[in-house]
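This is the structure I have questions about; it appears just below.
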Amino acid sequence: MQVPAPFDYVRATSVADALQLLDRHGPEARVVAGGHSLLPMMKLRLARPEWLVDINDLAELRSITRDGDRLRVGALTRHAELLASELVGELFPIVHDAERVIADPVVRNRGTIGGSLGQADPAEDLTTVCDVLRAQVVIAGRDGERVIGIEELHRGPYETACEQTELITELRLPIRPRSGSAYEKVERRVGDWAVAAAGAQVVLGEDGTIADASIGLTALGLEGCAVEAGAALLGVHPSEEAFAEAGRLAAAASSPVEDQRGPVDYKRHLADELTRRVLRSAAGRAGADVLATAVSGG
Amino acid sequence: MQVTMTVNGTEVTRDVEPRLLLVHFLRETLGLTGTHWGCDTSNCGTCVVLVDGQPVKSCTTLAVMTDGHEVRTVEGLADGATLDPVQQGFMAEHGLQCGFCTPGMLLTARALLDRDPDPDEATIREAISGQICRCTGYATIVRSVRWAAEHPVGAPEQPAEEVPA
């Protein structure tokens, strides 16, 4: 029987209250939202907080709103809510692609986007999605809010720039015209971590060439985006040839490790193949006629 | 600390340790052993109960987190002697063999049908994909949920089939 070590529990009534509680209870206090990362760690005694600050009542952190050229997603938004949002699916199909393969439907009823990002698991899918979309993260602290790029949030496995006395409150996704995005994951079974996954966003210029492209990899040993692979696509027409080159560069940028999910060469092959697939899909969703320019079957 | 929640329509108040998991609160504190306790790692789904109508893995939820919320367990499915259509469906289509996964499957099926009264096979398979059955290969579970969809108010009680001696 797995039971967490004893702790004290308190419910926050507002963001300000949560921050105060974190401050008062010091370094041994942890925030709990969905609890589907933290509670398993507590059961295994990998985490032994003395205080849990429950933020589930903070309705102000549970919203999805379009605000000009960005989408604002409250940190307490559940995976299931992101997946159910038509607005999210229309603006950022990559989010729906990823959410369909994050954990399982029951876990998605509880898990939150802020929790996923804050957990900073190296095999976590939404981090790649946010990297690719060049998301910004709003972090609240005693002295007010600060907004940082997603690339600044992650400091390594299970480590983020969100300090002990701070709270991730919102994710901001820039809305780009003529853009498309996609995510694809290879997993052994529903709910398992990725063997490997890739995500991409493609933004087309008015002349139909690629004005911006970003590619991210999950569980493949790459922090942030595959910059060279993205840069290789700039200014070219979407084509199988261009995607193959980007796939090759993304695979070269990856540094997978062998584990029970597969050997290095298999994972590197996946980096290449999944990059091509998500680019194909993202470009298609951006409105590009990729098939017309295809030269080979990839 | 004291928690108050509605379980199967009845308000209950108990004094619990914050670390008590919802599954143990239901089984041990309230004696509602219909909710099964399986892998303890939020993988198998036999501990699924409904919290505010949504399927949740009760091995990965603290009882204190459901303070003020509404919990529904397998004991809360039947209305007196009348079984819920999903329970009838599992009988009619042999949706169980050993029965270990059944409470979780029933509740997920109930929540699915409340949201989508006429789900196709793919939708049902997706809905139960976070739950493991090692007996049926899922085929009869899917048929059971379809049965419930086709009989939304259940079915009049059938005479028991005669079993040859």
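The values are calculated or read from the model by the stated rules, or taken from the named source; none is laboratory data. Being a predicted model, the structure only gives us computed values, none of them experimental. Using ideal geometry, Cβ is built from the backbone for each residue, glycine included, and neighbour counts are taken over all protein chains shown. Please note that ligands, DNA and RNA were not included when accessible areas were found on the heavy atoms of the full protein model with its side chains. Shrake-Rupley method; radii C 1.70, N 1.55, O 1.52, S 1.80 Å.
Out of everything in segment A:6-34 that is open to solvent by 10 Å² or more (accessible area, probe 1.4 Å) and among the small types (Gly, Ala, Ser), what residue ends up being modelled with the lowest pLDDT?
This residue is A:GLY26.
OK, next. Can you pull out the residues in segment A:36-54 that are within 21 Å of the chain's Cα centre (by Cα), buried (at least 23 other Cβ atoms within 10 Å of the Cβ) and closer than 14 Å to A:TYR9 by Cβ?
A:LEU39 - this is the single residue of segment A:36-54 that is within 21 Å of the chain's Cα centre (by Cα), buried (at least 23 other Cβ atoms within 10 Å of the Cβ) and closer than 14 Å to A:TYR9 by Cβ.
Something else about it: Counting only residues that are open to solvent by 20 Å² or more (accessible area, probe 1.4 Å) and either among the acidic types (Asp, Glu) or free of Cβ contacts under 8 Å to residues at least 60 places away in the same chain (or both), which one in segment A:69-84 is nearest to the other protein chains (Cβ to nearest Cβ)?
The qualifying residue nearest to the other protein chains (Cβ to nearest Cβ) is A:ALA80.
Among the residues of segment A:1-20, what is the count of those that are closer than 21 Å to A:LEU117 by Cβ and either of a type in the set (Lys, Arg) or within 14 Å of another protein chain (Cβ to nearest Cβ) (or both)?
The qualifying residues number 1.
Tally the residues that are over 17 Å from A:CYS225 (Cβ atoms), open to solvent by less than 20 Å² (accessible area, probe 1.4 Å) and of a type outside the set (Ser, Thr, Tyr), restricting the search to segment A:110-120.
Going through segment A:110-120 one residue at a time, the tally reaches 3.
Here's another thing I want to ask about it. List the pairs whose first member sits in segment A:160-179 and is small (Gly, Ala, Ser), whose second member is not in a strand (DSSP E or B), and whose Cβ atoms are under 7 Å apart, counting only residues at least 6 apart or on separate chains?
Here the result reads A:ALA161/A:GLU152; A:ALA161/A:LEU153; A:SER179/A:ALA286, each pair linking segment A:160-179 to a residue that is not in a strand (DSSP E or B).
Can you tell me which residue is most open to solvent (accessible area, probe 1.4 Å) among those in segment A:137-162 that are assigned to a strand (DSSP E or B) and aliphatic (A, V, I, L, M)? Reasoning before the result, please.
Going through segment A:137-162, the residues assigned to a strand (DSSP E or B) turn out to be A:137-141, A:144-149, A:154-156, A:159-160.
Restricting the remaining residues to those that are aliphatic (A, V, I, L, M) gives A:137-140, A:147-148.
Details: A:VAL137: 0, A:VAL138: 1, A:ILE139: 0, A:ALA140: 8, A:VAL147: 69, A:ILE148: 12 Å².
Going through the qualifying residues, I end up with A:VAL147.
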